[in-house]
Amino acid sequence: MLYEIHPENPDRRKISTIVDILEKGGIIIYPTDTVYSLACSLKNKRAIERLAKLKNIKLKKANFSIVFHDLSHLSDYTKHIDRPTYKILNKNLPGPFTFILQASSQIPKLFDSNKKTIGIRIPDNNIARSLAEELGHPLVTTSIHDEDEILEYSTDPYQIQGDWEDKVDAIIDGGYGHNVPSTVVDLSNGEVDIIREGIGELDY
């Protein structure tokens, strides 16, 4: 089902409806500040497994990111963040970045792997952040892309609906998305290493 939600001023009732779907193990497609993405609740293992299946990858090999509402819950899922790293995060988030940080002991349990790092996102998108805030914990997320061209991301919610409606539990129409992914920055070793140039220009 397609839910139209205003990108600047999300309707709280619609956000609550989507959160209810997530809490029951549902998978959604939602807008971010970059490309439209798939997401599920971080606290629902079956949903995370289903997300991996949808992407046709093994869970232990998946490089899913987690989306936060703000920086306040980072320490639940990452190891201690030093002051220089925190300053970079604080300067650039919310924003179109995926920051790779050292993972806490929670992460390997959730992803059936020996993952030592995790990608974190706080998108500059009111819908995405409202979902994480209302849910009370992060979303597990991964971008959608057209099967024929891996670098061409779907931007039209109605096209996304046609392609994905029978595979997911809800699709949010938050307007046209971008077709450029986030900039991926590895901060896990205490240095700044830009892994992928995307839409975000790092300030540090």
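The values are calculated or read from the model by the stated rules, or taken from the named source; none is laboratory data. Worth saying up front: this structure is predicted, and the values here are computed from it rather than measured. Here the Cβ is made from the backbone with ideal geometry for all residues, glycine too, and neighbour counts use every protein chain on show.
Below are the figures for this structure:
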item: Condition met for Asp112 (surrounded by fewer than 17 Cβ atoms within 10 Å (Cβ to Cβ), modelled with pLDDT of 90 or more and farther than 21 Å from Leu202 by Cβ); result: no
item: Residue within the stretch 122-135 that is over 16 Å from the mean Cα position of the chain (by Cα) and buried (at least 19 other Cβ atoms within 10 Å of the Cβ) present; result: no
item: Qualifying position, being among the aliphatic types (A, V, I, L, M), touching a Ser or Thr at 6+ places or on another chain (Cβ under 7 Å) and either part of a loop (DSSP other than H, G, I, E, B) or modelled with pLDDT of 95 or more (or both), among Ala128, Ala132; result: Ala128
item: Of all residues in the stretch 37-68 being over 19 Å from Lys24 (Cβ atoms) and over 15 Å from the mean Cα position of the chain (by Cα), the one that is surrounded by the fewest Cβ atoms within 10 Å (Cβ to Cβ); result: Asn56
item: Those strands (runs of 3 or more DSSP E) lying entirely in the stretch 1-111 with at least 3 residues among the hydrophobic types (A, V, I, L, M, F, W, C); result: 37-41, 97-102
item: Condition check for Asp173: without any contact (Cβ under 8 Å) to a residue 40 or more places away in the chain and over 15 Å from the mean Cα position of the chain (by Cα); result: no
item: Count of the stretch 151-204 residues which are modelled with pLDDT of 90 or more, among the β-branched types (Val, Ile, Thr) and part of a loop (DSSP other than H, G, I, E, B); result: 3
item: Selection count where residues are in contact with a helix residue (DSSP H, G or I) (Cβ under 8 Å, 6 or more places away or on another chain) and either surrounded by 16 or more Cβ atoms within 10 Å (Cβ to Cβ) or at pLDDT below 95 (or both), scope the stretch 10-19; result: 4
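Rundown of residues vs (1) under 20 Å from Arg196 (Cα atoms); (2) out of contact with any helix residue (DSSP H, G or I) (no Cβ under 8 Å at 6 or more places or on another chain), yes/no style:
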position	(1), (2)
Ile21	no, yes
Ile27	no, no
Thr34	yes, yes
Ser41	no, no
Asn56	no, yes
Ala62	yes, no
Pro84	no, yes
Leu93	yes, no
